[in-house]
Amino acid sequence: MIAETCPGAVVAAWPTVPNRHPVWGPYHSIYAGHAVDSDVRHKGSSGGAVTALAVHALDSGLVDRVVHVTANPKDPAGNLVCCSTNVADVIEGAGSRYVSSSPLADIERVLADGGSAAFIGKPCDVSALRRLALIDPRVDAHIPLMMAFFCAGIPSRRAVERVLAALDVAPEDLATFRYRGNGWPGKATATTCDGRVAQMTYEESWGRYLSKDVQFRCKICPDAVGGVADIACADAWYGGETGYPTFDELDGRSLIVSRTARGEQVLDAAVAGKAVLIEPLAITEIDLMQPSQAQRKYAVRARMAALSVTMQPRPRIQGLSVEAASQRAGLKDQARNFLGTIRRILLRRR
């Protein structure tokens, strides 16, 4: 991988487009919406927008395959990179996978095969692909659509094992595992080889287990919202009384951000083709839907400063509005993140 959001890496800069927000990135337009197909909407982690857009790209002939991540049949809690050429396989892969994945592992073969592919990955994966495009013209020639999702970080495998332990499911007995989906937000669902089904709410699986063991490099990510993708999607959570989203089971709703001219064209075509249903959204609404992402971006500058003073390697960042985002945080929060990061480094909690 050319570049990932980890110490020493070079992170791709945001593109120059009509609108730019220091936290939410560059954009042409912002919507709340969902897949028109009820099955896609139900299987997806939010409103099924990423899957619906990928399916439309296949159906319309924009691409002849979709590179995405799906569950590994030999390791149900793990991931497998898939290059799908039919709609059924794309839909089968719908849903978040909260464990490590490497969707660029086979990118050389994808480029060598020619044709055209849509790419779906984490923000850091898309950043790496954009960097690769600077030295390999095949990327732009053969990958006309790059999509990302807002990423809250990648939990360790230990965290996944703790979820399974709480569900009283031994890893060797696992037949299938969904982290989310089949509803919004959907439940973590483990099915054993003998047919037993064990479930846990998203609020518990993510809030109590997975989010507590996210990789350190994710905590210093300067672009967790897919700012260099053509289209980025996320959960369009409804706000709760506490100021944070509510995770009650509802009909899925996606946040959809078109970031490039190509992304705008693809989204317009998908709407015209009745693949997705959208309604305009004010950018200020994202603050209510994704408060944790906002706090994460506010903290990046302070956390980077902590790396510098402790003489640790850090990503090279340009054009991602880290300074501007930090100014939205109070001095108390900046100090807390600065000192907290130093403490993590000294205690080697990385």
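General remarks:
- Of the helices (runs of 4 or more DSSP H) entirely within segment 90-171, those holding at least 2 residues that are touching a residue at least 60 places away in the same chain (Cβ under 8 Å), farther than 28 Å from residue 205 by Cα and among the charged types (D, E, K, R) occupy 123-133.
- Evaluating residue 121 against the criteria (1) surrounded by fewer than 21 Cβ atoms within 10 Å (Cβ to Cβ); (2) more than 30 Å from residue 193 (Cβ to Cβ) leaves one unmet condition, (1).
- Test: residue in segment 151-159 that is among the hydroxyl-bearing types (Ser, Thr, Tyr), surrounded by 15 or more Cβ atoms within 10 Å (Cβ to Cβ) and touching a helix residue (DSSP H, G or I) at 6+ places or on another chain (Cβ under 6 Å): yes
- Of note, residue 127 satisfies the criterion of being of a type in the set (Ser, Thr, Tyr), crowded, with 24+ Cβ neighbours inside 10 Å and either outside the structural domain of residue 62 (by TED's automatic domain parsing) or at pLDDT 95 or above (or both).
- Screening segment 234-310 for helices (runs of 4 or more DSSP H) wholly inside it with 3 or more residues that are at pLDDT 95 or above and within 16 Å of the chain's Cα centre (by Cα) returns the ranges 291-309.
- Given (1) farther than 17 Å from residue 34 by Cβ; (2) touching a Leu at 6+ places or on another chain (Cβ under 9 Å), number of the condition residue 255 does not satisfy: (1)
- A single entry from 207, 226 fulfils the requirement of being small (Gly, Ala, Ser) and in contact with a helix residue (DSSP H, G or I) (Cβ under 8 Å, 6 or more places away or on another chain): 226.
- Being farther than 16 Å from residue 259 by Cβ and in contact (Cβ under 8 Å) with a residue 60 or more places away in the chain is a property that does not hold for residue 49.
- Filter result (surrounded by fewer than 21 Cβ atoms within 10 Å (Cβ to Cβ) and of a type in the set (Ser, Thr, Tyr)) within segment 83-95: 85
- Index of the failed condition, residue 182 passing every other in (1) surrounded by fewer than 18 Cβ atoms within 10 Å (Cβ to Cβ); (2) within 29 Å of residue 298 (Cα to Cα); (3) touching a residue at least 60 places away in the same chain (Cβ under 8 Å): (2)
- Any hit, segment 180-194, residues being of a type in the set (D, E, K, R), under 30 Å from residue 259 (Cβ atoms) and assigned to a helix (DSSP H, G or I): no
- Residue within segment 1-12 that is assigned by TED's automatic domain parsing to the domain that holds residue 134, within 23 Å of residue 228 (Cβ to Cβ) and surrounded by 18 or more Cβ atoms within 10 Å (Cβ to Cβ) present: no
- Number of positions in segment 35-66 that are closer than 20 Å to residue 265 by Cβ and not in a helix (DSSP H, G or I): 8
- Residue in segment 205-227 that is polar (S, T, N, Q) and more than 20 Å from the chain's Cα centre (by Cα) present: no
The values are calculated or read from the model by the stated rules, or taken from the named source; none is laboratory data. Owing to the predicted nature of the structure, the values given are computational and were not obtained by experimental measurement. Cβ atoms come from the backbone with ideal geometry, glycine included; neighbour counts cover every protein chain shown.
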